[in-house]
Every structure is written in structure tokens, then in C-alpha cells.
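Have a look at the structure below before the remarks.
The values are calculated or read from the model by the stated rules, or taken from the named source; none is laboratory data. Model, not experiment: these values are computed from the prediction. Note that each Cβ is placed from the backbone with ideal geometry, even for glycine, and that neighbours are counted across all protein chains shown.
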Amino acid sequence: MTEESRQPTAITPSTEPKSIPPGGIVGILGGGQLGRMLAIAARRMGYRVHAYEPSPDCPAGQICDLEVNAPYTDTAALEEFARGVDVLSFEFENIPKTALDTVSALRPVRPRAEVLHICQNREREKLFLQSHGFPCAPFRVVDSAESLAAAIKDIGIPAVLKTADFGYDGKGQIKISTDADAASLWNSFGAPRGVLEAWIPFQAELSVVCARGTDGRTVPFPPSENIHRNHILDLSIVPARLAPDVLAEATRLAAEITTALDVTGLLAVEFFLDATGQLLVNELAPRPHNSGHFTFDACATSQFEQQLRAVCGLPLGSPELLKPVVMLNLLGDLWKNGEPDWSRVLSDPLAKLHLYGKSEARPGRKMGHICLMADSTTDALARIEAIKRDLTRTHTPTL
């Protein structure tokens with residue numbers, strides 16, 4: 001889309017404005033579905049939005065005023081992009097720190113580059129949590145077959161070996177269930193550094209998305225109970241079907257971690273509730289989160305509007321849950337016989353369908369989601385499970 005004559009405010013980091021009111025230009029690094037939904041929230045509030053994404057026709061670009069397609073190694077393109085916006089944020093972790101350093105020199109980036117640097121690497125993330133006293137699974141950093149053998153001896157089996165970089169949705173992980181040769185494991189691992197973690201038998205998985213404004217105020221959303229299939233989020237249930245003290249502790253920890261990281265924007269904190277009833281931090285994500293999609297329909301303020309408010313220095317909105325809700329992820333597997341029949345979804349008047357505009361469906365790829373609000377989580381879960389059964393049945397391709 002073409003950009004009109006509106007020009008960004010001329011600023012430098014030393015004269016960074018405290019707030020950027022509606023009418024400003026927000027830059028998003030990354031063009032996926034999280035950027036798309038941030039752009040929808042921003043456009044609704046009167047902001048212009050620019051997306052920077054290496055691949056053309058990205059989900060965010062379909063909503064934005066301007067889509068720039070260039071690699072994250074293109075310094076000139078990054079600088080030009082930064083000069084054309086008032087503030088920048090990002091919608092996924094795998095952005096090189098050099099790219100953030102480039103744009104940070106020209107415009108404010110929220111959350112700050114150091115937050116992303118910590119959270120995009122499991123080693124730095126685990127060491128941060130450990131150094132600040134936050135509960136997480138026992139772990140060791142490994143960088144050779146010898147250090148892996150020593151870590152297995154310390155941690156014990158079962159355990160899970162994870163790459164330090166570029167891991168999500170179960171990628172970059174090897175479960176070690178039996179005595180195994182450390183040299184063979186390391187040779188098959190294929191990464192220069194990793195983290196060996198104790199395997200945690202858990203009762204439940206849950207997450208909290210927490211917003212933090214430029215004034216340091218934290219506003220957590222209600223905790224979400226998460227059910228995964230094949231390491232990918234399948235369902236999020238809110239209110240979570242867990243004890244009130246567990247939910248209160250998860251909320252408290254999420255707010256404390258967000259403050260300790262000095263986040264301006266959003267932080268998603270994923271937890272395991274272990275067999276003894278203790279909460280352990282699993283992963284951090286300094287951006288909107290798949291498990292927070294329920295907020296788009298079911299909360300007074302969505303996680304995307306909250307991200308916008310935080311990075312623009314505006315007062316944060318209410319996270320109030322309006323109704324019990326269940327969110328269902330729609331993966332590319334549903335497209336194996338062509339476009340799914342969405343009439344089954346829309347025949348339930350309480351179902352909200354969100355499709356991300358991705359051009360190619362692949363197994364395991366997140367293509368959209370459904371939110372279903374009802375008077376109880378039991379009712380919402382039953383209705384969305386019925387929709388899921390219908391969608392996953394073999395269907396005739398649309399001609």
C-alpha cells in the first residue's frame with residue numbers, strides 16, 4: 001500500500017518522546033500473524049503502520065500502510081525504515097541483534113534490544129532467571145560432548161537437550177530417555193551450544209502475558225491453561241482450571257519477571273506446574289503470544305492493543321476477562337484436502353474465526369485460530385471441541 005504525506009516526528013534517542021499519540025507511525029519488525037493483529041489494533045486507534053519483513057506479501061503487510069521487504073542484514077534498508085516511523089516494536093524473536101542496534105540508534109525500540117537479546121537465546125534466558133532467583137527446571141549449559149556427558153551425570157535422565165538459539169514449537173530439542181552415548185548425541189545435535197534441562201513431569205502448562213508501560217506499571221492478563229499437541233499449542237482455556245493460589249502465583253511471577261527485565265511492551269511467561277504443585281518458568285517471549293490470542297475477543301483490551309499502548313507510551317487498558325473463552329489453533333494440516341469448510345465454524349454464533357492471510361498451508365504451520373466465548377469454560381470447551389471434530393474430518397476440496 002502507498003504511504004501518504006504524513007511524516008514521522010524528527011527524534012533522536014536522546015530526545016525520545018514520552019508518548020506517541022494516535023496519528024503516529026508504528027514500525028513492526030517481522031511480518032507474521034502477531035504483527036498482523038498488532039497492525040489491526042493500531043489502525044483501529046488511528047495509527048499508521050509499517051512492516052519490515054524479508055518475505056513479500058506477509059500477513060502483517062496485508063494490513064499495513066507500507067510493507068518493506070529486505071533482509072535483516074541490509075543496514076541501509078533498516079535505517080531508511082527506521083527513519084520513516086516514530087517507534088518500533090517486533091513480533092518474533094529471531095531478529096539479529098545487529099538489526100536492532102541499527103534501528104535503535106535512530107528510533108526508540110520497545111521492548112529494548114537487550115530484552116530480545118536475552119529472550120532469543122535459551123542459555124541467556126535461563127541464566128537470567130537463575131541469577132534473579134526465579135524458579136526454573138535444573139539445567140546445565142553444554143558446548144561439547146564432554147560437557148554434555150558431565151551435564152547428564154549432574155541432571156540425570158530423563159532430560160531434554162535444547163539448542164541455545166532458534167527454538168520454538170518443540171524445534172531444536174532432543175529428549176534423552178535412556179542411557180545414551182554423549183558423543184553420539186552431540187554429533188547428532190548439530191548446534192555449537194545448548195542447554196540440558198531436567199525433564200519435568202507436569203500437571204499442567206499455563207502462561208501469563210504481562211504488559212508494562214513506560215511508567216513501569218505492570219498489567220497482567222488472566223492466566224491461560226494451555227494444552228499442546230506435538231509441541232504446538234492446541235487449546236488455551238481461560239479461566240484456567242487450576243487452583244486460585246497457583247494462578248495468583250503465576251501472575252505475580254510474570255509481573256516480577258517483566259519488571260526485572262525492564263520490559264516496555266509485552267512479556268509472555270510460560271510455566272510448568274510440576275507434580276509437586278510448584279510453578280517453574282519454562283520460556284519467555286517479549287511479544288504477543290499465541291496463548292494470548294483469547295484476549296482479542298474476550299478481554300476489554302487485547303494483548304495487541306496493550307502492546308501498542310505500551311510501546312507508544314499511552315496508559316494501559318483493562319485486562320478484564322469479559323467471558324470464559326477457549327482458543328483453538330488452526331494448523332496447516334486442516335488444508336490437506338483444500339480450504340476447510342468455514343461454515344461449520346461460523347454456524348456457531350459464539351465462534352470468532354481469525355485467519356492470518358498466509359499464502360501456503362503446511363503441516364504444523366499456524367494458519368489461524370478460533371475463539372469461542374460462553375457462560376462457562378465447560379460449555380466453551382465442548383462447543384469448540386465439536387467444531388474441531390468437524391473440521392478435522394476429511395472434507396471435499398473446494399472447487
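Here are the numbers:
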read-out: Filtered residues of the range 23-78 (kept if of a type in the set (Phe, Trp, Tyr) and in a loop (DSSP other than H, G, I, E, B)); value: TYR47, TYR72
read-out: Where a residue in the range 277-290 is under 14 Å from LEU116 (Cα atoms) and its partner, wherever it lies, is buried (at least 20 other Cβ atoms within 10 Å of the Cβ) and of a type in the set (Lys, Arg), with Cβ under 6 Å and at least six apart; value: none
read-out: Some residue of the range 166-173 being in contact with a strand residue (DSSP E or B) (Cβ under 7 Å, 6 or more places away or on another chain), crowded, with 19+ Cβ neighbours inside 10 Å, outside the structural domain of GLU249 (by TED's automatic domain parsing) and at pLDDT 90 or above; value: no
read-out: Condition check for ILE227: among the hydrophobic types (A, V, I, L, M, F, W, C), surrounded by fewer than 18 Cβ atoms within 10 Å (Cβ to Cβ) and within 26 Å of LEU328 (Cβ to Cβ); value: yes
read-out: Within the range 362-381, tally of residues that are more than 13 Å from PRO59 (Cβ to Cβ) and surrounded by fewer than 18 Cβ atoms within 10 Å (Cβ to Cβ); value: 7
read-out: Close pairs from the range 99-124: first within 24 Å of SER19 (Cα to Cα), partner of a type in the set (D, E, K, R) and not in a loop (DSSP other than H, G, I, E, B), Cβ under 8 Å, at least 6 apart; value: THR102/GLU79; VAL103/GLU79; LEU106/GLU79; LEU106/ARG83; ARG107/ARG83; ALA113/LYS97; ALA113/ASP101; LEU116/LYS97
read-out: Selection within the range 49-100 - buried (at least 18 other Cβ atoms within 10 Å of the Cβ) and among the hydroxyl-bearing types (Ser, Thr, Tyr); value: TYR52, TYR72, SER89
read-out: Unmet requirement for ASN230, which otherwise passes all of (1) modelled with pLDDT of 95 or more; (2) out of contact with any strand residue (DSSP E or B) (no Cβ under 7 Å at 6 or more places or on another chain); value: (1)
read-out: Top-ranked residue of the range 125-144 - restricted to ones that are part of a helix (DSSP H, G or I) and free of Cβ contacts under 8 Å to residues at least 40 places away in the same chain, ranked as surrounded by the most Cβ atoms within 10 Å (Cβ to Cβ); value: LEU127
read-out: Out of ALA260, ALA243, ALA254, sole residue that is small (Gly, Ala, Ser) and surrounded by 22 or more Cβ atoms within 10 Å (Cβ to Cβ); value: ALA254
